[in-house]
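Participant: Sharing a structure below in structure tokens format, with a few things to ask.
What follows is calculated from the coordinates using simple rules that are stated; it is not laboratory data. Treat the numbers as computed from the prediction; the structure is a model and nothing was measured. Because the Cβ atoms are built from the backbone with ideal geometry, glycine has one as well, and the counts that use them run over all protein chains shown.
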Amino acid sequence: MANHKSAKKRAKQTVVRTERNKTRRTEMRTAVKKIREAIAKGEKDAAVQLLPEAQSTLRKLAKNGVIKQNTAARRTGRLARQIAKL
């Protein structure tokens, strides 16, 4: 356990940020999962409508440092490529 006042504060901040990032990461995974399910079913229209939402979520997470920008770009690109193949 932390002994200094600043270390105690940092420990508390870490707990809060970790919880916040978990929530955001879960939202991202859900958005990507919805698109992948639509692709698996062959529903191009549904996948195309869901893509901007997922892109937005990925960009926000990258901006806030939850995931890296290159990771967001890679995932977005792969999803777009899969949709284009339909």
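Participant: With the requirement that a residue be over 20 Å from V66 (Cβ atoms) and in a helix (DSSP H, G or I), what does segment 1-10 give you?
Facilitator: Within segment 1-10, K5, S6, A7, K8, K9 qualify.
Participant: Regarding segment 47-59, can at least one residue be identified that is in contact with a Ser or Thr (Cβ under 6 Å, 6 or more places away or on another chain) and either under 22 Å from L86 (Cβ atoms) or assigned to a helix (DSSP H, G or I) (or both)?
Facilitator: yes
Participant: Where the second residue is polar (S, T, N, Q) and surrounded by 11 or more Cβ atoms within 10 Å (Cβ to Cβ) and the first is touching a residue at least 12 places away in the same chain (Cβ under 8 Å) and lies in segment 1-29, which pairs have Cβ atoms under 7 Å and are six or more apart or on separate chains?
Facilitator: E27/T57; M28/T57
Participant: Quick check on my filter: what residues within segment 8-25 are hydrophobic (A, V, I, L, M, F, W, C) and surrounded by 11 or more Cβ atoms within 10 Å (Cβ to Cβ)?
Facilitator: A11
Participant: Counting just the residues of segment 46-84 that are over 12 Å from the mean Cα position of the chain (by Cα) and among the β-branched types (V, I, T), which one comes out surrounded by the fewest Cβ atoms within 10 Å (Cβ to Cβ)?
Facilitator: Ranking the qualifying residues of segment 46-84, first place goes to V48.
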